[in-house]
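A.B. asks: I am attaching a structure below and will ask some questions about it afterwards.
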Amino acid sequence: MQPVLLWFRRNLRLADNAALIAAAESGRPIIPIYIIDKQDIGGASRWWLHHSLVSLDSDLRTLGSSLVIRSGSPDKVLNKLSKQTRATTLYYTRRYEPISRHQEVEVDAALSGAVAVQVFDDSLLHHPEKIMTRGNTPYRVFTPFWKSVSEIGDPPSPQSVPSSINFSHNLPKSLRLSTLDLLPSSPDWSGDLRATWAPGESAGLNRIDELDSTLSHYDQERDRPDIDGTSRLSPHLHFGEVSVRQLWHAIRQLELRSVAASSTFLRQLYWRDFSAYMLFHFPTLPDKPLRIEFEDFPWSENASQLRAWQKGMTGYPVVDAGMRQLWQTGWMHNRVRMVVASFLVKDLLIPWQTGAAWFLDTLVDADLANNSASWQWIAGCGSDAAPYFRIFNPLLQGKKFDPHGHYVRRWVPELTETSQSDYPMPIVDHGTARKRALEAYGVIRGMRTSKLAP
């Protein structure tokens with residue numbers, strides 16, 4: 001019996017995996033594959049990917065198989081594998097980044113006529129092409145998008161691992177994961193990542209099981225970085241170790257205990273969908289502002305201030321705590337993400353693309369769509385953005401959301417010392433920086449007015 005190819009992408013799990021389920025239902029021998037392609041991912045994400053693949057391979061081995069790892073352009077790799085194994089069908093799940101969509105076109109062309117291609121929508125609650133305005137245009141604002149998708153109805157219930165999977169006993173040769181240089185070498189900076197995270201499907205499902213305690217006060221505590229009040233499921237969702245359907249239905253099952261908390265959490269899932277939706281319909285989202293007047297914004301390029309921000313040495317405690325948490329653990333509390341992003345683009349006037357690039361390199365949940373949409377939101381240049389003149393005061397934000405200073409003292413320990421001599425003075429005065437930011441915004445507003453004038 002001729003085999004089929006199962007191409008794992010950002011769906012590194014066995015449960016509720018539509019491509020795997022369909023491949024299993026074919027009854028043919030399955031060859032599970034992962035391809036390390038040329039997409040540029042940051043160091044923290046590469047670390048997570050390595051351990052996620054180790055976990056997936058281990059789970060496959062318990063079922064009598066293993067993961068075949070290859071490196072290169074997916075169309076060429078899959079074309080070669082299909083000929084080598086005489087596979088009849090390829091199963092895979094769509095992705096929504098521009099490079100990924102281009103890869104899918106190339107794969108379909110390379111296998112056309114020789115191998116049947118079965119593609120599945122498996123990483124979002126709703127496919128981006130299915131949600132449009134009455135004028136058949138993409139939504140550009142989150143709230144009407146959310147209202148529209150909420151009226152569609154519940155997403156399908158998640159499915160278990162197929163009870164019977166016919167894996168091939170004649171797998172092609174696999175690359176050794178250790179040869180792909182996904183892990184940092186010298187120096188090895190990943191010690192805190194290992195202490196903080198456990199990548200893999202099993203760990204992700206455990207976090208879903210812990211939602212009962214997380215959701216109990218989520219609507220009240222999610223903005224408090226000093227409290228462990230968030231799910232920390234974002235990297236597991238990003239790599240597809242758990243499905244968004246599993247999480248959605250888990251939240252709904254707990255809804256009776258706290259309707260407000262559950263509704264707030266579900267809104268975050270739909271923001272994730274909306275970010276992917278925006279990237280799908282506006283593929284320049286990572287690079288260009290959606291509000292075109294921001295192409296003329298008078299940004300500043302200050303290398304020393306950028307470095308101070310990256311190292312958590314700005315002299316603003318909550319900003320520095322967030323940036324150090326990011327560097328050490330590959331993650332940052334969402335409220336603090338907004339504060340540090342606002343500080344970069346408004347207090348320092350450094351382009352939002354620069355901040356987005358740093359997050360993509362250092363976050364374990366570095367999702368291109370969510371990262372790009374969120375940075376455009378805070379910079380005021382996205383379609384559904386916070387007004388540019390909404391400028392977070394980092395001192396007031398720290399007092400409001402870290403009222404006892406526990407979060408700051410954890411990540412900026414020198415502030416607990418008597419002398420505090422090692423902690424820097426603020427690199428900018430917030431009041432002066434706020435005034436400068438508003439003046440810069442006035443420049444592009446003036447340009448827009450002059451362009452609209454007769």
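A.B. asks: Could you check the spin-label model distance between Glu414 and Asp287? Points 7 Å from the Cα along Cα→Cβ, value in nm.
C.D. replies: 3.9
A.B. asks: Can you tell me the length gained on complete extension of the stretch Arg194 to His169, counting 0.36 nm per residue apart and subtracting the Cα distance? Before the final figure, lay out the partial values.
C.D. replies: Details: separation 25, 0.36 × 25 = 9.00 nm, distance 3.37 nm.
Value of the extension gain: 5.6 nm.
A.B. asks: Listing Asp219, Asp347 from the residue with the fewest other Cβ atoms within 10 Å to the one with the most, what is the order? Don't jump to the answer; show the numbers that get you there.
C.D. replies: On the way: Asp219 18, Asp347 27.
By the 10 Å Cβ count, ascending, the order reads Asp219, Asp347.
A.B. asks: Let me ask something else. With label points built 7 Å along Cα→Cβ from the Cα atoms of Ile152 and Arg267, find their separation and express it in nm.
C.D. replies: Spacing of the two 7 Å Cα→Cβ label points: 2.0 nm.
A.B. asks: Ok, one more. Tell me the label-point distance for the pair Met132, Glu301, using the 7 Å Cα-to-Cβ offset, in nm and rounded to one decimal.
C.D. replies: The answer from the label model is 4.1 nm.
A.B. asks: For region 292-448, what relative contact order do you get, as a whole percent, if you take Cα pairs closer than 8 Å and at least 6 residues apart?
C.D. replies: Working: 192 pairs, mean separation 48.7, N = 157.
Taking the mean separation of contacting Cα pairs over the length of region 292-448, I get 31 percent.
A.B. asks: Using +1 on the beta carbon of Lys and Arg, -1 on that of Asp and Glu, and nothing else charged, what's the dipole of region 13-167 about the Cα centre, debye to 20? Working shown, then result.
C.D. replies: On the way: 17 positive and 16 negative charges, 64 e Å.
Computed charge dipole of region 13-167: roughly 300 debye.
A.B. asks: When ranked by the protection proxy of mean other Cβ atoms within 10 Å per residue, highest first, what sequence do the peptides 275-284, 3-12, 108-117 form? Could the numbers behind the result be given before it?
C.D. replies: Numbers: 275-284: 20.8, 3-12: 24.6, 108-117: 13.9.
Those peptides, ordered most packed to least, come out 3-12, 275-284, 108-117.
A.B. asks: Once you list every other residue whose beta carbon is under 11 Å from the beta carbon of Ala369, what net charge do they have if Lys and Arg are +1 and Asp and Glu are -1? Please report the intermediate quantities before stating the final value.
C.D. replies: Numbers: positive: Arg95, Arg272; negative: Glu97, Asp273, Asp367.
Result for the local shell: -1.
A.B. asks: Right, another one. Could you work out how much longer the chain between Lys311 and Val161 gets when fully extended? Use 0.36 nm per residue separation minus the Cα distance between them, nm to one decimal. If you can, show how the numbers build up before the last one.
C.D. replies: Values: separation 150, 0.36 × 150 = 54.00 nm, distance 4.35 nm.
Taking Lys311 through Val161 to full extension adds about 49.7 nm, to one decimal.
A.B. asks: In whole Å, what is the distance between the alpha-carbon centres of region 9-26 and region 231-250?
C.D. replies: Going from one Cα centre to the other spans 15 Å.
A.B. asks: Still on this structure: Report the number of Lys pairs in the chain whose alpha-carbons are under 17 Å apart, with separation of 8 or more residues or on distinct chains.
C.D. replies: Details: Lys38/Lys76; Lys76/Lys173; Lys80/Lys173; Lys83/Lys173; Lys130/Lys147; Lys346/Lys435.
So the count works out to 6.
A.B. asks: Taking +1 at the Cβ of each Lys and Arg and -1 at the Cβ of each Asp and Glu, which of Val319, Ser202, Phe120 sits farthest along the dipole of the chain towards its positive end, judged by Cα position relative to the Cα centre?
C.D. replies: The listed residue farthest towards the positive side: Phe120.
A.B. asks: Another question, then. Please determine, in degrees from 0 to 90 and to the nearest 10, the orientation of helix 317-329 with respect to the longest principal axis defined by the Cα atoms of the chain, where the helix direction is its Cα long axis.
C.D. replies: Once rounded, the angle reads 20 degrees.
A.B. asks: What percent do you get for the relative contact order of region 79-193 when only Cα pairs under 8 Å and 6+ apart count? Kindly include the intermediate steps, with their values, before the conclusion.
C.D. replies: On the way: 56 pairs, mean separation 22.6, N = 115.
In percent, rounded to a whole number, it is 20.
A.B. asks: Let me ask another. Which listed residue (Thr133, Leu344, Gly64) has the Cα farthest towards the positive end of the charge dipole for the chain, taking +1 on Lys and Arg C-beta and -1 on Asp and Glu C-beta about the Cα centre?
C.D. replies: Thr133
A.B. asks: Cβ under 13 Å from Glu221's Cβ, Glu221 left aside: what net charge do those residues give with Lys, Arg +1 and Asp, Glu -1? Intermediate results must be reported in sequence, preceding the final value.
C.D. replies: Details: positive: Arg222, Arg224, Arg335; negative: Asp219, Asp223, Asp226, Asp228, Asp402.
Residues near Glu221 contribute -2 overall.
A.B. asks: If you don't mind, another one. Measure nothing fancy, just the Cα-based angle from helix 430-452's long axis to the longest principal axis of the chain, in degrees from 0 to 90, nearest 10.
C.D. replies: The helix 430-452 is inclined about 70 degrees to the chain.
A.B. asks: Which of Pro394, Ile292, Leu81 sits closest to the plus end of the dipole of the chain, meaning its Cα is farthest towards the positive end, when Lys and Arg get +1 and Asp and Glu get -1 on the C-beta?
C.D. replies: Ile292
A.B. asks: For region 127-231, which trypsin sites (Lys or Arg not before Pro) pass both filters: DSSP loop (anything but H, G, I, E, B) and at most 13 other C-beta atoms within 10 Å?
C.D. replies: Within region 127-231, the qualifying trypsin sites (Lys or Arg not before Pro) (loop, at most 13 other Cβ atoms within 10 Å) are Arg134, Lys173, Arg176.
A.B. asks: Please give the Cα centre distance for region 293-326 versus region 167-188, rounded to the nearest Å.
C.D. replies: Using only Cα atoms to place each centre, the spacing works out to 36 Å.
A.B. asks: From the helices alone, meaning DSSP H stretches of at least four residues, give me the mean residue ellipticity at 222 nm for the chain, per-run term -39500 (n - 2.57), in deg cm²/dmol to the nearest 500. Provide the component values of the computation, followed by the final result.
C.D. replies: Values: 20 runs with 217 residues, N = 454.
The per-residue figure over the chain is -14500 deg cm²/dmol.
A.B. asks: Can you tally the net charge around Ser160? Count Lys and Arg as +1, Asp and Glu as -1, for every other residue whose Cβ sits under 13 Å from the Cβ of Ser160.
C.D. replies: Working: positive: Arg13, Arg245; negative: Asp16, Glu201.
So the environment of Ser160 carries a net charge of 0.
A.B. asks: For region 302-403, which trypsin sites (Lys or Arg not before Pro) are in a loop by DSSP, counting at most 16 other Cβ atoms within 10 Å?
C.D. replies: Values: sites: Arg307, Lys311, Arg324, Arg335, Arg337, Lys346, Arg390, Lys399, Lys400; in loops: Arg390.
The qualifying sites are Arg390.
A.B. asks: About the Cα centre, and with charges only on the beta carbon of Lys, Arg (+1) and Asp, Glu (-1), how big is the dipole of region 177-258? Nearest 20 debye, please.
C.D. replies: Charge dipole, region 177-258, about its Cα centre: 220 debye, nearest 20.
A.B. asks: Further question on the same structure: Would you mind pulling out the separation of the Cα centroids of region 86-108 and region 42-64, in Å?
C.D. replies: 21
A.B. asks: Based on other C-beta atoms within 10 Å, arrange Tyr91, Tyr270 from fewest to most. Present the calculation step by step, with values, prior to reporting the outcome.
C.D. replies: Values: Tyr91 25, Tyr270 21.
Ranking Tyr91, Tyr270 by Cβ neighbours within 10 Å, fewest first, gives Tyr270, Tyr91.
A.B. asks: What whole-number value in cubic angstrom gives the convex hull volume per residue for the C-alpha atoms of region 302-405?
C.D. replies: Enclosed volume per residue, from the Cα hull, is 91 Å³.
A.B. asks: Hey, another quick one. With +1 on each Lys and Arg Cβ and -1 on each Asp and Glu Cβ, how big is the dipole of the chain about its Cα centre, in debye rounded to the nearest 20?
C.D. replies: Details: 50 positive and 48 negative charges, 129 e Å.
In debye, rounded to 20, the chain gives about 620.
A.B. asks: In addition: Report, to the nearest 10°, how far helix 98-111 tilts away from the longest principal axis of the Cα atoms in the chain, using its own Cα long axis and a range of 0 to 90°.
C.D. replies: 10
Throughout, read-outs are computed from the coordinates displayed, never taken from laboratory work. As the structure is a prediction and not an experimental result, all values here were calculated from the model. Glycine gets a Cβ as well: all are built from the backbone with ideal geometry, and neighbour counts include every protein chain shown.
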